[in-house]
Each structure stands twice: as structure tokens, then as C-alpha cells.
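**Student:** Dumping the structure here so I can ask a few things about it.
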Amino acid sequence: MAGITLHYFDYHARGECAKMIMRYYGVEYTDHLISGEEWGQLKTTGFTEFGQLPRLDIDGKQMVQSFAMYRYLCQKHGAYPTDPYQIYLVESLCQLRDDIYGAVMPNFYVSNTEGIANWYRDNMPRMLKMIEKRLVENNSGNHFFVGNAVSLADFVMFQFGYDHFLRANLKQYESVLSDNAPNFYQFVLYFKDSNENLRNYLAARAEKAF
């Protein structure tokens with residue numbers, strides 16, 4: 001898969017899960033970080049089909065919409081189920097994660113530290129307990145969210161768990177994760193250490209605002 005480029009802002013956010021999937025599978029890609037000024041010029045040119053980032057250039061195609069990219073990458077590497085019920089399990093977790101993202105991220109965009117703290121205190125525990133329940137229901141939490149192999153759900157949930165609770169800028173909220181979802185917390189630690197490519201990427205990755 002030569003000539004892959006991910007175009008996104010200099011944040012983790014919606015581009016990061018695609019990066020983690022590619023790193024996990026040892027896929028080389030170009031990380032095109034777009035400044036606000038550059039995006040102001042690009043977005044009126046039809047650079048992205050729907051006028052949003054990220055954009056993934058792969059297999060001679062230009063892809064948009066972050067979750068569609070994640071699915072494409074996982075399907076290429078056998079990390080997406082074929083059973084209809086398992087697909088439901090994967091997709092419902094992805095949508096739950098996107099619901100959480102949509103609710104909390106506006107606070108990050110405007111650096112509302114009080115709003116972030118309030119959301120983690122008042123709302124995050126309930127969301128984490130939902131995720132914890134789903135993980136434990138799958139073979140008592142056997143390191144996979146769906147079935148017995150890595151799937152899109154694992155990448156999406158790992159990126160959420162790691163980037164919202166364990167990275168340096170948000171590590172003060174680690175106990176929110178460990179106290180409310182201990183199995184999910186152990187999953188995040190396990191998943192990071194289970195793949196050398198991913199572990200090395202995270203060790204060298206620059207810290208960003210969100």
C-alpha cells in the first residue's frame with residue numbers, strides 16, 4: 001500500500017485512530033499536517049469531498065469521513081467481522097464513542113478546562129460503565145471487545161481510552177477510567193503493550209492539545 005497520505009490538522013482527534021490502525025499493521029504513510037491558514041485556502045478548492053478533514057489518500061482513491069476510513073483500513077487487514085451481529089456490536093460501540101466525542105470535545109476546542117473537568121466528573125463515569133459492561137460481556141473481557149480477535153471496536157475504544165485518560169495532558173483523569181471501568185482500563189494497558197509498532201509510535205508521538 002504505497003503512496004498513502006493522511007491529511008489532517010495538527011491534533012490527535014479524528015485522525016488519530018486511522019494512524020493507530022496503520023501503525024499497528026506496519027503500514028507506511030505520509031502525515032500531512034494542515035495549519036488553519038492552509039485549510040482556509042484548501043477548503044474552497046474541493047480538496048475534500050464533503051468539505052471536512054481528515055482525508056485519506058489510499059489505493060488511488062481519496063477518502064473522507066473518519067469512521068469510514070477506519071472501517072476501510074480494518075477491512076483491508078481482516079479486523080472487521082462478517083457476522084451481522086458482530087458487525088452490530090462493533091458499530092454500536094463506534095457510535096457510542098462518537099456520542100461521547102461529540103459531547104465532550106467542544107470543551108477542548110475552546111480550552112474550557114472547567115467544562116472538561118465537569119464533564120469527566122458528571123458524565124464520563126456513566127459512559128465508561130456502559131463500555132465496561134460491553135467488554136465484560138465478551139468472554140469476560142478477554143482483551144477484545146467483539147469476538148476473539150482484534151477488530152475496529154478495539155482500535156476505536158483503545159484510542160478513546162488512551163487519548164482521553166492516559167496521555168500526558170489528561171493523565172489526571174486516569175483514575176476516572178480505572179475506578180469506573182477497571183476491565184476497560186486493563187484493556188487499554190494491554191492493547192498498547194500487545195503491539196510493538198503501536199507501543200513505539202505512542203512513545204515517540206508528540207503531545208497535542210486534543
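Just so you know, all these numbers are worked out from the coordinates, no wet-lab data involved. If you're wondering where the values come from, they're calculated on a predicted model, not measured in any experiment. So basically every Cβ, Gly included, is an ideal-geometry build from the backbone, and we count neighbours across all protein chains shown.
**Student:** Considering only Cα-Cα distances, which of the following residue pairs are longer than 29 Å: Lys19/Lys43; Lys43/Lys192; Lys76/Lys171; Lys19/Lys129; Lys129/Lys208; Lys76/Lys129?
**Tutor:** From Lys19/Lys43; Lys43/Lys192; Lys76/Lys171; Lys19/Lys129; Lys129/Lys208; Lys76/Lys129, over 29 Å: Lys43/Lys192; Lys76/Lys171; Lys76/Lys129.
**Student:** Determine the shape class of the range 56-167: with a ≥ b ≥ c the square roots of the Cα gyration tensor eigenvalues, call it rounded for a/c under 1.5, and otherwise prolate if a/b is greater than b/c, oblate otherwise.
**Tutor:** Oblate shape, in that a/c is at least 1.5 and b/c is the bigger or equal ratio.
**Student:** Okay, moving on. Quick one: dipole size for the chain, taken about the Cα centre, charges +1 on Lys/Arg Cβ and -1 on Asp/Glu Cβ, in debye to the nearest 20.
**Tutor:** Around 160 debye, computed over the chain.
**Student:** Something else now. Can you give the Kirkwood hydrodynamic radius for the chain, in Å, rounded to one decimal and based on Cα pairs?
**Tutor:** Answer for the chain: a Kirkwood hydrodynamic radius of 17.8 Å.
**Student:** Next up: Based solely on its DSSP helices, what 222 nm [θ] is calculated for the chain when runs of n ≥ 4 H residues each add -39,500 (n - 2.57) and the sum is averaged over all residues, nearest 500 deg cm²/dmol?
**Tutor:** Dividing the helical sum by the residues of the chain leaves -17000 deg cm²/dmol.
**Student:** Right, here's the next one. Among DSSP bridges having both ends in the chain, what percentage is antiparallel? Round to the nearest 5.
**Tutor:** 60 percent
**Student:** Also: Sum up the charges of everything whose Cβ sits under 15 Å from the Cβ of Asp193, counting Lys and Arg as +1 and Asp and Glu as -1, but leave Asp193 out.
**Tutor:** +1
**Student:** Oh, and also: Taking +1 at the Cβ of each Lys and Arg and -1 at the Cβ of each Asp and Glu, which of Val104, Met22, Val90 sits farthest along the dipole of the chain towards its positive end, judged by Cα position relative to the Cα centre?
**Tutor:** Projecting each Cα onto the dipole axis, the largest value belongs to Val90.
**Student:** Note down the net charge around Leu42, summing +1 for each Lys or Arg and -1 for each Asp or Glu among other residues with Cβ under 15 Å from its Cβ.
**Tutor:** Taking every Cβ under 15 Å from that of Leu42, the sum is -3.
**Student:** Further, regarding this structure: Using a 10 angstrom cutoff on alpha carbons, build the Gaussian network for the chain and name the most mobile of Asp122, Asp154, Asp31.
**Tutor:** Asp122
**Student:** Moving to a separate point now. Can you tally the net charge around Tyr173? Count Lys and Arg as +1, Asp and Glu as -1, for every other residue whose Cβ sits under 12 Å from the Cβ of Tyr173.
**Tutor:** 0
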